[in-house]
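Asks: Before we start, here is the structure in question, set down as structure tokens.
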Amino acid sequence: MNKNLLIYGAYGYTGRLIVEECLKQGIKPIIAGRSAEKAMTFANKHGLEYDVFEVSEREKLEKWLRRGEVVIHCAGPFIHTAKSMVQGCLATNTHYLDITGEFQVFDLIKEYGEKAKEKSIMLLPGVGFDVVPSDCLAKHLQTKLPSATDLKLAFVSKGGKLSRGTAKTMIENLGEPQTRRRDGDYEGVPMGKSSMMVDYGDFKQISMGISWGDVSTAYHSTGIPNIEVFSGTTEQQLAKVKKALRLSFMLRSRTIKNFLLRQMDKRPDGPKEKRRLASNMYLWGEASDGDKKVEARLKTPNGYTLTALTAMLIANKIINGDFKPGFQTPSSAYGEGIILEVEGCELS
């Protein structure tokens, strides 16, 4: 059986970190991407095999996918690329992993779950910071309170910085309402309307409700019908978001989004190594059933560092035959404790 690991979008900021982790472990992945120049330069630097194609080029995609057993898809925004990659994986019996945090993408991939079972392959999106730690935290809280009907999750970075790819995904969502889950269904509320002070353990910080992957994945993992996710912010930023509500119709404009995306392309593609290694992520969660409440906290390395570690942890498990066919979340595939297999992760 072909045990090769494939990485698409390997020359992007997070993709590079995953490749570096591969090389540390003595694994040489076969990479691919959209840019011939970037793929060739990066592959030659590390002595890797590579290919160049758009995910929409079905024949080229499937030919590449047949060279390996597992693909880690790193080229977002995933709302534009995941469907083609998943369809290619189903055609070639390749296990699918990605690093998305877009709830729409989780829902999209879940629709292919039964086909994946028939093919005996696993579809596990969100194998990075989005959403391994938060999904494990959600499952941990549900284990502590099986009767939970409400789940709140929050996270914040201390000392970190967004990658260019993550920022682009945020730009794509400008002007859209916050999505949360109520009674099992999605509910939209104006961005900035929902906020709370969160005790992250080492500090407290105002946190704003956001549309995050857990409104999909935590529901799949726990069955809890009411879920909301928050991200650490400042009072000043929260005030700006509320003011921007009056301009939502403008922020949804394709012309404005394309302008902002072009501006983003001029910036560095992610935090420098020293800053990344010196920063941490803090997560908090609370589950309640109307009478009882339980809470827990999780501290992890920087989100980009963690993504490389968790993506490779899960890829290695699959290559070693440890997987569940069909659509899965991190905790449904490997249990709530998988996050604690990563050095530097602490649950309290």
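The values are calculated or read from the model by the stated rules, or taken from the named source; none is laboratory data. Just so it is clear, the model here is predicted, and its values are computed rather than measured. Positions of Cβ are generated from backbone atoms using ideal geometry, with glycine treated the same way; all protein chains shown enter the neighbour counts. What goes into the accessible areas is simple: the full protein's heavy atoms, side chains included, and nothing from ligands, DNA or RNA. Shrake-Rupley method; radii C 1.70, N 1.55, O 1.52, S 1.80 Å.
Asks: For the range 1-143, which whole-number percentage of the solvent-accessible area (1.4 Å probe, protein heavy atoms only) is attributable to carbon and sulfur atoms? Working shown, then result.
Replies: Values: 2670 of 5710 Å².
Result for the range 1-143: 47 percent of the exposed heavy-atom area is carbon or sulfur.
Asks: What ranking of Ser211, Ser331 comes out by heavy-atom accessible area, probe 1.4 Å, highest first?
Replies: Numbers: Ser211 40, Ser331 10 Å².
Solvent-accessible surface, decreasing: Ser211, Ser331.
Asks: Can I ask one more? Charges only on Cβ, +1 for Lys and Arg, -1 for Asp and Glu: so what's the dipole of the chain about the Cα centre, in debye to the nearest 20?
Replies: 1160
Asks: Be a star and scan the range 283-313 for residues whose amide nitrogen sits under 16 Å from the point 7 Å along the Cα-to-Cβ vector of Asp322.
Replies: Only 309-313 fall inside the zone, counting backbone N under 16 Å.
Asks: Could you work out, for the range 8-158, what percent of all Cα-Cα pairs fall into each 5 Å distance bin, beginning at 0 Å and stopping at the bin that holds the largest distance?
Replies: 2, 9, 17, 19, 19, 14, 9, 6, 3, 1, 0
Asks: Among (1) 55, 55, 44; (2) 53, 44, 37; (3) 114, 40, 29, which one is Cα extents along the principal axes in Å computed from these coordinates?
Replies: Evaluating Cα extents along the principal axes in Å on these atoms matches (2).
Asks: Magnitude of the Cβ-charge dipole of the range 1-98, K/R +1 and D/E -1, about the Cα centre, nearest 20 debye?
Replies: Numbers: 13 positive and 11 negative charges, 23 e Å.
Using only the charged Cβ atoms, the result is roughly 100 debye.
Asks: Let me ask another. Give me the distance between the Cα centres of the range 1-57 and the range 88-120, rounded to whole Å.
Replies: 20
Asks: Taking H as built 1.01 Å from N, whose amide H comes closer than 5 Å to the amide H of Phe230, not counting residues under 5 places away?
Replies: Residues meeting the amide H criterion: Leu153, Ala154, Phe155, Ile210.
Asks: If you don't mind, there's one more thing I want to ask. So what's the back-of-envelope 222 nm ellipticity for the chain, counting only DSSP H runs of four-plus at -39500 (n - 2.57) apiece and dividing by all residues, rounded to 500?
Replies: Only helices count here, giving -12000 deg cm²/dmol.
Asks: Nearest-5 percent of antiparallel DSSP beta bridges in the chain?
Replies: Counting only bridges with both partners in the chain, antiparallel ones make up about 60 percent.
Asks: Could you report the chain's accessible area per residue, 1.4 Å probe, as an integer in Å²?
Replies: Numbers: 15720 Å² over 348 residues.
Accessible area per residue, the chain: 45 Å².
Asks: Please name which of Phe106, Ser211, Ala296 has its Cα lying farthest along the dipole of the chain towards the positive end, using unit charges on Cβ (Lys, Arg +1; Asp, Glu -1) and the Cα centre as origin.
Replies: Checked the options; the winner is Ser211.
Asks: Tell me, what is the percent relative contact order of the chain, built from C-alpha pairs under 8 Å that lie six or more residues apart?
Replies: Relative contact order for the chain comes out at 22 percent.
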